[in-house]
Amino acid sequence: MAKIIVVTSGKGGVGKTTTSASFATGLALRGFKTVVIDFDVGLRNLDLIMGCERRVVYDFVNVINGEAALNQALIKDKRVETLYVLPASQTRDKDALEQSGVERVLDELRQSFDYIICDSPAGIERGAMMAMYFADEALVTTNPEVSSVRDSDRILGILASKSRRAVQAEEPVKEHLVLTRYAPERVERGDMLSVDDVMEILAIPLLGVIPESSAVLQSSNSGVPVILEETTDAGSAYADLVARFLGEERPHRFLTTEKKGFFKRLFGN
Amino acid sequence: MGFFDYFRANRKKQNSAAVAKERLQIIVAHERGSGRRRSPDYLPALKRELLEVVRKYVQVEQDQIKVHLDRDGDCEVLELNILLPDDEVPARPAT
Ligand SMILES: Nc1ncnc2c1ncn2[C@@H]1O[C@H](COP(=O)(O)OP(=O)(O)O)[C@@H](O)[C@H]1O
Ligand SMILES: [Mg+2]
């Protein structure tokens, strides 16, 4: 049975698209047939991060409107066998994502995919609501920063009251915390919220912590999901996150500054 | 950084991150309202049990019963929708 997973946050610029791209790629690397959908109508970006921007012919809204068949719009990744991208439309029509249309497309994808990853736009408008509505699970992407944490809390409230699962009184959407752009040295200095702080406030299980990393910018420059850069810190943090999602035990890494351990700092350097 | 600096650095933790956490705890508690962000946990069970009761009288399918919980400001509305099959309108008791 296909699983629909939304990558959501409320606030923009926290790493949803980065996370969607790497999470989907990671699941596909494990052999699962995976599609990642860009719900950011009007501000298409996932195609760039996935490196398939020049292969976009039809988009999500074309499929909803019956202007293209699903398999005409799906872009097959050139690196990972079982990975597909469904790009967002660049239309300015905010109401293009009509609920029954979205449902129809998701139902069709369910027939052949294991995982459907929905990259949500920022905010709580139509696109974000549609990305969340049909979700079975949610990766709540959060930065260790006040406005992001507050927005994530609001999103959790919406998932618990306005999602399809909530509205139809089914088992609630399964929530996972993904803490991104984490800078341990700033946490140790006392000017950034720690993982524990954020977990205490949001009170949902932690799926992964992604460090602030120059590898993210570099890989987005060349259109390669950072998880494919296996030797980088952010890339391996995403690989761990995927493993944990699939039920494997992986200790959390990148939570402390590596170069300066406790004893180094204690006895000077 | 020496031994004492380490503890001094640690004490500084009481600054901006600690302030951020405290402010967040307050605002988030406030915005969640009194009942926290409780998902309507009891709804799946309510739906199952309602279905059992209804089925004592009419044969309905699982997907013919819909329970909606809507929040409108301070007011919560529980909406129950049961679609009865056409052929099984219960007989009106003889009077
Ligand atoms: N772990 C990270 N380290 C450094 N930069 C990051 C990280 N995650 C995301 N970014 C950067 O933050 C910006 C926003 O990321 P993006 O994934 O597009 O966020 P969103 O989809 O939530 O708006 C991008 O410039 C991206 O390169
Ligand atoms: Mg995005």
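Take the Cα atoms of chain A, build their convex hull, and give its volume per residue in Å³. List each step's numbers first, then the result.
On the way: hull volume 33.9 nm³, N = 269.
Per residue, the Cα convex hull of chain A comes to 126 Å³.
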- Note the angle between two axes, namely the Cα long axis of helix A:146-162 and the longest principal axis of the Cα atoms of chain A, as a number of degrees from 0 to 90, rounded to the nearest 10. 40
- Query: In deg cm²/dmol and to the nearest 500, what is the mean residue ellipticity at 222 nm of the protein assembly as shown if only DSSP H runs of at least 4 residues count, each as -39500 (n - 2.57), divided by the residue total?
  - Reply: -12000 deg cm²/dmol
- Leaving ligands, DNA and RNA out of it, work out the accessible area of A:Phe113 with a 1.4 Å probe and give it in Å² to the nearest 10. 10
- Could you please put A:Ile124, B:Ile82 in sequence from largest to smallest accessible area, using a 1.4 Å probe? A:Ile124, B:Ile82
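Once Rh is set to the Kirkwood radius over Cα pairs, what Stokes-Einstein translational diffusion coefficient, in µm²/s, holds for segment A:140-269 at a temperature of 10 °C and a viscosity of 1.306 mPa s? All intermediate terms of the calculation are to be shown ahead of the outcome.
Numbers: Rh = 16.3 Å.
D, rounded to a whole number, is 98 µm²/s.
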- Task: Please work out how much accessible surface A:Arg164 shows to a 1.4 Å probe, ignoring ligands, DNA and RNA, in Å² rounded to 10.
- Result: 40
- Message: Rounded to whole Å, give me the distance from the Cα center of segment A:210-261 to that of segment A:114-148.
- Response: 20
- Task: Rounded to the nearest 10 degrees, what's the angle between the helix A:99-112 long axis and the longest principal axis of chain A, both from Cα atoms, 0 to 90?
- Result: 80
- Ordering B:His30, A:His176, A:His252 by how much accessible area each has at a 1.4 Å probe, largest first, what is the list? B:His30, A:His252, A:His176
- Task: Work out the mean other chain Cβ neighbour count within 10 Å for the residues of B:45-52 and drop it here as an integer.
- Result: 1
- Item | B:Ile82 versus A:Thr256: modelled label distance in nm, points set 7 Å from Cα along the beta carbon direction | 6.0
- Task: Take peptide A:152-161, look around each residue's Cβ out to 10 angstrom, count Cβ atoms belonging to other protein chains, and average those counts.
- Result: 4
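What percent antiparallel are the DSSP beta bridges of segment A:3-266, to the nearest 5?
Numbers: 2 of 30 bridges.
For segment A:3-266, the DSSP antiparallel bridge percentage is about 5.
Count, for each residue of A:162-171, the Cβ atoms from other chains sitting within 10 Å of its Cβ, then give me the mean as a whole number. Numbers along the way, then the final one.
Details: counts 2, 1, 0, 3, 5, 8, 9, 17, 4, 4.
Other-chain Cβ atoms within 10 Å of each residue's Cβ, averaged: 5.
For the pairs A:Lys16/B:Lys47; A:Lys76/B:Lys21; A:Lys78/A:Lys162; A:Lys94/B:Lys66, note any where the Cα-Cα span goes beyond 32 Å. Don't skip to the end; give the middle numbers.
Values: A:Lys16/B:Lys47 34 Å; A:Lys76/B:Lys21 43 Å; A:Lys78/A:Lys162 37 Å; A:Lys94/B:Lys66 29 Å.
Those over the limit are A:Lys16/B:Lys47; A:Lys76/B:Lys21; A:Lys78/A:Lys162.
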- Message: Order A:210-218, A:154-162, B:58-66 from most to least packed using the mean count of other Cβ atoms within 10 Å.
- Response: A:154-162, A:210-218, B:58-66
- Ranked order, A:Tyr115, A:Tyr58, B:Tyr57 - accessible area, probe 1.4 Å, largest first: B:Tyr57, A:Tyr58, A:Tyr115
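The values are calculated or read from the model by the stated rules, or taken from the named source; none is laboratory data. Keep in mind that what you see is a predicted model, and the values were worked out from it rather than measured. Methodologically, a virtual Cβ is constructed for each residue, glycine included, from the backbone with ideal geometry; neighbour enumeration extends over all protein chains shown. These area figures cover heavy atoms from the full protein model, side chains too; ligands, DNA and RNA do not enter into them. Shrake-Rupley method; radii C 1.70, N 1.55, O 1.52, S 1.80 Å.
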